[in-house]
Structures are given as structure tokens and as C-alpha cells.
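Colleague: A single structure is presented below for examination.
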Amino acid sequence: MNNFSFYSPTYFAFGRDQELEAGALVKRFGGSKALIHYGGGSVVRSGLLDRVKASLDGAGVPYVELGGVRPNPRSGLVYQGIDLCRREGVDFILAVGGGSTIDSSKAIAAGVVYEGDFWDFYAGKYIEKALPVGTILTIAASGSEGSPDSVITNENGMFKRGATGDAIRPRFSILDPALTQTLPPYQTACGITDIMAHLYERYLTNTPEVEVTDRMIEALLLTMIHEGPRVIEDPNNYDARANIMWAGMMAHNNSCGVGRSQDWNSHNIEHELSALYDCAHGAGLAVTMPAVFTYVMQHDVMRFAQIAVRVWGCQMDFAHPEVTAKAGIEALRRFLISIGMPKNFAELGAKEEDIPKLVDVLCNGDGRPGSISGFVTLNEEDCANIYRLML
């Protein structure tokens, strides 16, 4: 296990009707004027936005609003949010929605107090200072409600990049599983896939002797395998929703990733798909992960065999461990298809003729050195081969 430091200060309010405490929590964590940042649609129709406003009013916290967050959140709205907060004297960002809204809120929070272009953070600069952020989660997926990370799509070129810094970890996150009960099955399945991807990205490590975090990841994956089909069958299953929501936070606040190298190649490869085609991130990951894992399996076949046995219940073939490893990858692929996820490029709306463009932006865009690195370093040819495996 590697040396590590771990700082995770987020206050979690979990359970039914906790969104009614939003105003008190904004005030508790130093907010005197808030930006309510949200997407639209269900947040408005469900009455959640009105309940949040009433809570802020009750706590005596004035606010301004900025809606319009889209899946794969865009840089243009971040710039609007930064300008609005500066103009209105906002000192707290309250994200009401899923990972896209939270990521956009974090970008605004970092940009308001920064003299340069907020995109500097998404080009590699560490975020050291930001306005405080609070979240009210409406979909279990990204884990952004407990993480120091944010991903934004740059509209100048349509590519996605991430930023990080403990300054953008939410000060509080309200997690009410009931708020996710109205999600369509497809969105629920996308969230489940994203959670599982966050766990796999940490499991694929080159660091030896990390049994504690291996076992934590395996337990959370087993939870998703159990709860996923239950919630797809019965969207109103509060207990299944609750377990998935807490697993989603645990999967990405990095408590499972400390002391070990991590991968993130599947996420990087998928980001170009959702940036170009605007497909759901989880759907893109469902197609990407089996292709990446198949391509890199021989780098450490026993790690893939281990997760196949411990999580997917595959029989260990000691004479031919690659057989077990492949069986585990296939079990993951079948599971994702069973909950309604796409299985190939065509079902994402992706096109074979776009592969050269995808590879160029992935490996060379925004100053990258012609490759991406993680569990395995992948050059342009490797990435092209992986995209072709998705066909």
C-alpha cells in the first residue's frame, strides 16, 4: 500500500425529506446569499425546487437562480454562473440535481474566486480555493456529492476534461433516496453503471497488497449487483434506492481508492463519446468498460481473475487464468445489458468513421502527449483498437 492522505469533510444528511433542511444547512456552513443551480424539468415539476426555495426563505437566506444544466455540463453555462455570482454577491452555491448539476456548481464555485479562466483547472491546475458548495442529490451515479472532482465539456472543441481539489468537496450533501424514485429506468441504470465504473477504475491498480480497499470495492460491487435488478423491477423500492445512493457516494469519495494507483482510462475514453454524441455517461461506460478490460486484461490477468471469482462467482481456472478473467468481463457485460444498457457503438449513436477524430482529441487534445495513462499506458493505436472493439 502506498502512503496517502485523505480528507473528506462533507456533512451528509441522509433520508426522507432532508431537503427541507437546505436553508438551515446553507446558513450553518457560512452562506449568506446562495446561487440555486439546477437543470430544470423534473426538479421543477416535482416541486423540489419550490421546497428548496421555501427552506431558504425560512432560514432567511436570499438567493438567485440559474437553471439550464444539461447532461455532460457545458462550459458556457459555467461562465454565465460565474458572472451571475460576482454580480449578485453570491457566497454559496447550492446544487439541486445530479452529477452534471453538481459538477457545474463546482466549476462555478472555483471560477468565482479565480482571476483567470476557470478552464485552467480543467487543463491541469489544482483547485485550491472556491466558494462553498452544498448539494441536494436527485440521481445516484456520479458520486460528485462526496468527491473533490468535477467534469465539464468545453464547447470550444466539444471535449470533456476533469478538475480536482479538496476546495470543491461539498460542505454538505442532502441524500434523500425518495427523490430518485421518479427516475426512468434508463437513467437509473446509467447511474448504476457509473457507480460500478468508479469502483472498477480503482480496482485496476498496479499497487500490491491493497486488500482492505480491494474488499471494500468488491463489497460495493456486490451491493450494486444485488440492488440494481431490484430497483429496475420496482422503481419505488426505497431500500434499494437507499443502498444504491450510499454506495454511489462511497464509490467516488475515494475512501476505496486511498493508498493505491488507479486507472481512469475507461472514463477518459468514454468522455470523448459523450462529448461528441451527447450520450449518457453511464451508457457510454457500459460499452467502453468491457472493451477496455478485454484489451488490457493480459497486463495483470490475475487481477481480472480475482474480481471475476470474488464478485461474479466465476470458477477459478488455475491452469488458464485468462479463461476466468474473460468470464468476469463477460459477466459484467451481461449484467449491464440486463439492466437496459447499450452493448455497442451503434446503440450509442456512435460511428466508426469518427474513430480517428475521437482518438485525436483523446490522446492529443488540450496538451496531452499522444497517449493516456492509467492501469496501462495507451497510445493512439491502442485507443483506436479499443474503440473498434466497441463496434
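Colleague: Given charges of +1 on the Cβ of Lys and Arg and -1 on the Cβ of Asp and Glu, with all other atoms neutral, how large is the dipole of the chain about its Cα centre, in debye to the nearest 20?
Modeller: For this selection, approximately 660 debye.
Colleague: May I pose another question? Please work out the FRET efficiency for the pair SER8 and ASP366, using the Cβ-Cβ distance as r and a Förster radius of 30 Å; give the result to the nearest 0.05.
Modeller: 0.60
Colleague: In nm, to one decimal, how far is the ARG45 label point from the ARG86 one, both placed 7 Å along Cα→Cβ?
Modeller: Modelled inter-label distance: 3.7 nm.
Colleague: For the charge dipole of the chain, defined by +1 on Lys and Arg C-beta atoms and -1 on Asp and Glu C-beta atoms about the Cα centroid, which residue among PRO229, ALA350, CYS279 has the Cα displaced farthest towards the positive pole?
Modeller: Toward the positive end, the furthest listed residue is PRO229.
Colleague: Assign one of three labels to region 87-146, namely rounded, prolate or oblate, based on the Cα gyration tensor with a ≥ b ≥ c the square roots of its eigenvalues; rounded applies when a/c is under 1.5, prolate when it is not and a/b is larger than b/c, and oblate otherwise.
Modeller: oblate
Colleague: Quick check on packing: order 371-378, 44-51, 326-333, 168-175 by the mean number of other C-beta atoms within 10 Å, highest mean leading.
Modeller: 168-175, 326-333, 371-378, 44-51
Colleague: Residues in region 183-205 near a label at ASP234, defined as backbone nitrogen under 17 Å from the 7 Å Cα→Cβ point?
Modeller: 183, 185
Colleague: Could you compute the net charge surrounding ARG310? Neighbours are other residues with a C-beta less than 13 Å from the C-beta of ARG310; K and R count +1, D and E count -1.
Modeller: -1
Colleague: Of the DSSP beta bridges with both residues in the chain, give the percent that are antiparallel, rounding to the nearest 5.
Modeller: The antiparallel proportion sits near 25 percent.
Colleague: Here is a further query. With a cap of 15 neighbouring Cβ atoms within 10 Å, and only residues DSSP puts in a loop, list the GluC sites (Glu not before Pro) found in region 167-229.
Modeller: Sites meeting the loop and neighbour criteria: GLU209.
Colleague: Cross-link list LYS27/LYS129; LYS33/LYS129; LYS27/LYS125; LYS160/LYS351; LYS33/LYS125: which exceed 23 angstrom alpha carbon to alpha carbon?
Modeller: LYS27/LYS125; LYS33/LYS125
Colleague: Let me know the volume per residue of the alpha-carbon convex hull for the chain, in Å³.
Modeller: Cα-based convex hull of the chain, divided per residue, equals 123 Å³.
Colleague: Using a Förster distance of 22 Å, how high is the FRET efficiency between TYR186 and ASP354, based on the Cβ-Cβ distance and rounded to 0.05?
Modeller: It comes out at approximately 0.40.
Colleague: Moving on to the next point. Kirkwood hydrodynamic radius (Cα pairs, Å) of region 222-272?
Modeller: 12.8
Colleague: Of MET316, PRO62, PRO185, which is farthest on the positive side of the dipole of the chain, counting Cα position, with +1 on Lys and Arg Cβ, -1 on Asp and Glu Cβ, and the Cα centre as origin?
Modeller: PRO62
Colleague: Would you please classify the overall shape of region 1-118 from the alpha carbon gyration tensor, given that a ≥ b ≥ c denote the square roots of the eigenvalues, rounded means a/c under 1.5, and beyond that prolate means a/b larger than b/c while oblate covers the rest?
Modeller: The shape class here is rounded.
Colleague: Here is a further query. Below 13 angstrom from the Cβ of ASN265, what's the summed charge of the other residues (Lys, Arg +1; Asp, Glu -1)?
Modeller: -3
Colleague: For SER255 and HIS320, what is the calculated FRET efficiency with R₀ set at 45 Å and r taken between the beta-carbons, to the nearest 0.05?
Modeller: In this case the efficiency is close to 0.80.
Colleague: Over region 316-389, how many percent of alpha carbon pairs lie in each 5 Å bin up to the one with the longest distance?
Modeller: 3, 13, 16, 16, 19, 17, 10, 5, 1
Colleague: In addition: Over region 22-147, what percent of the accessible surface lies on carbon and sulfur atoms, probe 1.4 Å?
Modeller: It is 49 percent, rounded to a whole number.
Colleague: So, for the chain, what is the accessible surface per residue at a probe of 1.4 Å, expressed in square angstrom?
Modeller: 39
Colleague: Among GLY111, THR101, PHE121, which residue has its Cα furthest toward the positive end of the charge dipole of region 30-185, with +1 on Lys/Arg Cβ and -1 on Asp/Glu Cβ?
Modeller: So the residue we want is THR101.
Colleague: Report the charge-dipole magnitude of region 33-90 in Debye, nearest 20, computed about the Cα centre from +1 at each Lys and Arg Cβ and -1 at each Asp and Glu Cβ.
Modeller: The dipole of region 33-90 has a size of about 140 debye.
Colleague: What is the sum of charges around GLY248, taking Lys and Arg as +1, Asp and Glu as -1, for the other residues whose C-beta is under 13 Å from the C-beta of GLY248?
Modeller: -2
Colleague: Just check region 193-341 against the gyration tensor rule for me: Cα atoms, a ≥ b ≥ c as the square roots of the eigenvalues, rounded for a/c under 1.5, and otherwise prolate or oblate depending on whether a/b exceeds b/c.
Modeller: Judged from the Cα gyration tensor, region 193-341 comes out rounded (a/c under 1.5).
The values are calculated or read from the model by the stated rules, or taken from the named source; none is laboratory data. Please read these numbers as outputs of a predicted model, since none were measured by experiment. Methodologically, a virtual Cβ is constructed for each residue, glycine included, from the backbone with ideal geometry; neighbour enumeration extends over all protein chains shown. For the accessible areas, the whole protein counts, side chains as well, though only heavy atoms, and no ligand, DNA or RNA atoms are used. Shrake-Rupley method; radii C 1.70, N 1.55, O 1.52, S 1.80 Å.
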